[in-house]
Amino acid sequence: MVDIDTLFSGVRLASQYYHEHMTLGMRMFGGSNRDPAVPVDKGDRRFNAPQWKEYPLFDYISQSYRQTSKALLDAIELARLDETTKQKMRFYTRQYIDAISPTNFAVTNPEVLALAAETKGVSLANGLNNLMQDLKKGRISLSRDTAFEVGGNLANTPGAVVYENELIQLIQYSPATSEVKEIPLLVVPSVVNKYYILDLTAETSLVRYLVSQGFTVFIVSWRNINVSLQGKSWDDYVDQGVLKAIDVTREISGQDQINAAGYCVGGALLSSALAVRAAQGEWPVASMTLLMAMLEFSDPGEIGVYLDPTIIAQREAMYANGGVVSGKELTMAFSSLRANDLIWSFVVNNYLKGKAPDPFDLFYWNTDDSNLPGPMFSYYLRHCYIENKLVQPDALSMCGSSVDLRRINIPTYIFGASEDHLVPWKSGYESVNHLTGDLEFVLGGGGHITGPINPVTKNKRNYWTGGQIGESAEDWLASARSVSGSWWPHWAAWLERRAGSTISAGQELGSRAYREIEPAPGRYVKGHVH
């Protein structure tokens with residue numbers, strides 16, 4: 001049966017669209033009052049160049065595009081569909097809208113045409129050459145790769161690999177102060193990209209900052225998976241990765257308990273590992289920090305559009321006996337969530353304008369992806385994203401133990417970023433409802449990548465803290481206070497209260513049982529796919 005209200009709403013929308021389109025055309029030919037019929041979204045820089053306003057034809061093209069885009073999205077809101085279906089329709093419609101933007105085609109982009117005329121076609125020839133080079137790479141170049149070297153001007157905080165197995169290398173950083181905190185910090189990074197998001201340049205390195213504050217820092221460097229490791233499971237990552245790193249850090253430091261932090265997927269792995277030990281009656285970690293991590297997956301954000309149960313089931317069947325999940329595939333999926341910024345802007349710059357991308361350490365890191373083993377990846381998607389079992393008490397068994405996050409029961413610092421599109425901050429906040437112990441939630445600015453990187457020297461952005469921990473993220477934010485500058489000192493002060501006394505810094509890294517294997521950053525992080 002036809003819904004009359006929906007039908008009439010659709011007719012009104014179509015009538016409005018045609019009327020606005022005709023008005024736009026008349027304004028163009030009349031040459032008067034060419035104010036935008038549909039305002040440009042804040043942050044959308046595609047039509048900022050003066051050529052889009054100087055020439056009536058291109059002004060018409062840009063405004064017509066925005067009108068059509070708005071009409072398509074408005075039509076979705078009128079549809080009588082459940083919210084999950086609407087979310088998918090919004091996402092894929094935006095993908096289509098972004099792809100057909102007039103900025104993405106040479107003949108409808110006045111900037112491209114002007115540059116081609118100015119260079120007598122050299123810009124187009126350079127663009128074709130850039131395209132051929134990227135086809136060989138199998139990805140779009142986001143940064144000038146030759147400007148960076150891991151272990152050179154990136155990931156260069158002094159240290160050494162003090163342990164390795166087939167899945168991880170464990171790096172211990174050299175002290176930068178004469179005295180250090182007694183209890184060390186172990187960092188478990190994401191498995192999708194390399195660990196050095198936390199150790200980029202000297203100025204932006206969170207690791208270097210912590211070391212400068214007297215902390216002894218260890219970090220896990222995950223192996224870039226190849227065919228020989230294609231059968232590794234989630235349990236392997238918990239046992240051979242996180243739990244082994246915890247034990248080695250304890251042995252080297254001589255401490256019964258250490259502090260530990262998990263970034264992104266590393267937070268889920270760290271929480272899983274501590275829940276395993278808690279089930280066994282052991283608490284090897286004195287405090288836990290979750291950075292941009294999600295334990296509650298009921299609202300995963302836009303990435304949820306890719307998590308169709310049928311597709312996940314097909315993946316599980318594909319990886320039942322092992323397999324390698326391409327890091328390039330994962331990076332492209334993440335980039336599609338911000339397609340204009342991470343895909344199409346580079347298509348225009350690199351291929352239509354024939355320019356080389358600027359050297360940018362964050363974009364270089366973003367493309368330095370890692371492959372994952374199929375069984376591990378399938379487990380994560382099924383049990384965390386699809387079934388949301390990680391927060392369900394005793395719903396999962398790992399390493400032979402039934403896990404319940406509530407048993408961890410240690411002080412926990414949770415950090416989220418207000419513009420994070422992979423771990424929406426409200427979803428990250430939900431961890432407080434599934435953990436016990438002294439809980440602190442802090443909300444910073446920036447996105448999934450930029451959120452953690454807020455060096456004290458630049459004193460940019462702000463963060464929110466001191467809110468009332470409860471069931472609602474909105475209530476927490478309403479009661480929180482804003483603090484200017486970097487959140488790093490706030491976290492360092494929180495860690496310091498749990499880092500024991502101050503002792504003389506040792507001259508050697510590792511221990512008798514765990515000798516230095518090679519200088520940081522080690523071989524595993526250099527197993528890149530550029």
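The values are calculated or read from the model by the stated rules, or taken from the named source; none is laboratory data. Everything numeric in this text was worked out from a predicted model, so none of it was measured. Note: ideal-geometry Cβ built from the backbone for every residue, glycine included; neighbour counts use all protein chains shown.
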Of all residues in the range 54-94 being within 31 Å of the chain's Cα centre (by Cα) and not in a helix (DSSP H, G or I), which is surrounded by the most Cβ atoms within 10 Å (Cβ to Cβ)? L81
Can you list the strands (runs of 3 or more DSSP E) lying wholly within the range 370-455 that have 2 or more residues being of a type in the set (S, T, Y)? 401-403, 412-417
Can you find a residue that is assigned by TED's automatic domain parsing to the domain that holds I408 and in a loop (DSSP other than H, G, I, E, B) anywhere in the range 312-327? no
Residue count, the range 100-148, condition crowded, with 19+ Cβ neighbours inside 10 Å and under 30 Å from V525 (Cβ atoms), comes to 6
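Do you know which residues across the range 261-280 are under 21 Å from G400 (Cβ atoms) and among the aliphatic types (A, V, I, L, M)? Working first, answer last.
Step one: list which residues in the range 261-280 are under 21 Å from G400 (Cβ atoms), which gives 268-280.
Result: A268, L269, L270, A273, L274, A275, V276, A278, A279.
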Filter the range 233-277 for residues that are assigned to a loop (DSSP other than H, G, I, E, B) and of a type outside the set (S, T, N, Q); the one that is nearest to G447 (Cα to Cα) is C264
For residues in the range 504-530 being within 15 Å of V217 (Cβ to Cβ), modelled with pLDDT of 95 or more and not aliphatic (A, V, I, L, M), which is farthest from the chain's Cα centre (by Cα)? G522
Restricting to the range 317-334, give me the number of residues that are in contact with a helix residue (DSSP H, G or I) (Cβ under 8 Å, 6 or more places away or on another chain), at pLDDT 90 or above and not aliphatic (A, V, I, L, M). 3
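Quick check: is even one residue across the range 79-101 farther than 24 Å from A339 by Cα, in contact with a Ser or Thr (Cβ under 8 Å, 6 or more places away or on another chain) and not basic (K, R)? Full working, then the answer.
To start, the set of residues in the range 79-101 that are farther than 24 Å from A339 by Cα comprises 79-82.
Filter once more, so that each one left must be in contact with a Ser or Thr (Cβ under 8 Å, 6 or more places away or on another chain): 79-80.
Now restrict to residues that are not basic (K, R): 79.
Checking the range 79-101: at least one residue is farther than 24 Å from A339 by Cα, in contact with a Ser or Thr (Cβ under 8 Å, 6 or more places away or on another chain) and not basic (K, R).
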Just to be sure before I move on: is T465 among the polar types (S, T, N, Q) and at pLDDT 95 or above in the structure I sent? yes
Tell me which residues, restricted to the range 485-514, are part of a loop (DSSP other than H, G, I, E, B), surrounded by 13 or more Cβ atoms within 10 Å (Cβ to Cβ) and charged (D, E, K, R). R498
Look at L337 and say whether it is under 26 Å from G127 (Cα atoms) and surrounded by 18 or more Cβ atoms within 10 Å (Cβ to Cβ). yes
Among W494, W488, the single one that is over 27 Å from D299 (Cα atoms), aromatic (F, W, Y), in contact with an Asp or Glu (Cβ under 7 Å, 6 or more places away or on another chain) and modelled with pLDDT of 95 or more is W494
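Can you pull out the residues in the range 294-311 that are out of contact with any Cys (no Cβ under 6 Å at 6 or more places or on another chain) and either outside any helix (DSSP H, G or I) or without any contact (Cβ under 8 Å) to a residue 40 or more places away in the chain (or both)?
Hits for the range 294-311 are M294, L295, E296, S298, D299, P300, Y306, L307, D308, T310, I311.
For the range 238-265, which residues satisfy the criterion of being touching a Leu at 6+ places or on another chain (Cβ under 7 Å) and not small (G, A, S)? Show your work before the answer.
Taking the range 238-265 as the starting set, the residues that turn out to be touching a Leu at 6+ places or on another chain (Cβ under 7 Å) are 238, 240-242, 245-246, 248-249, 258-263.
Across the range 238-265, the qualifying residues are V238, Q240, V242, I246, V248, T249, I258, N259, Y263.
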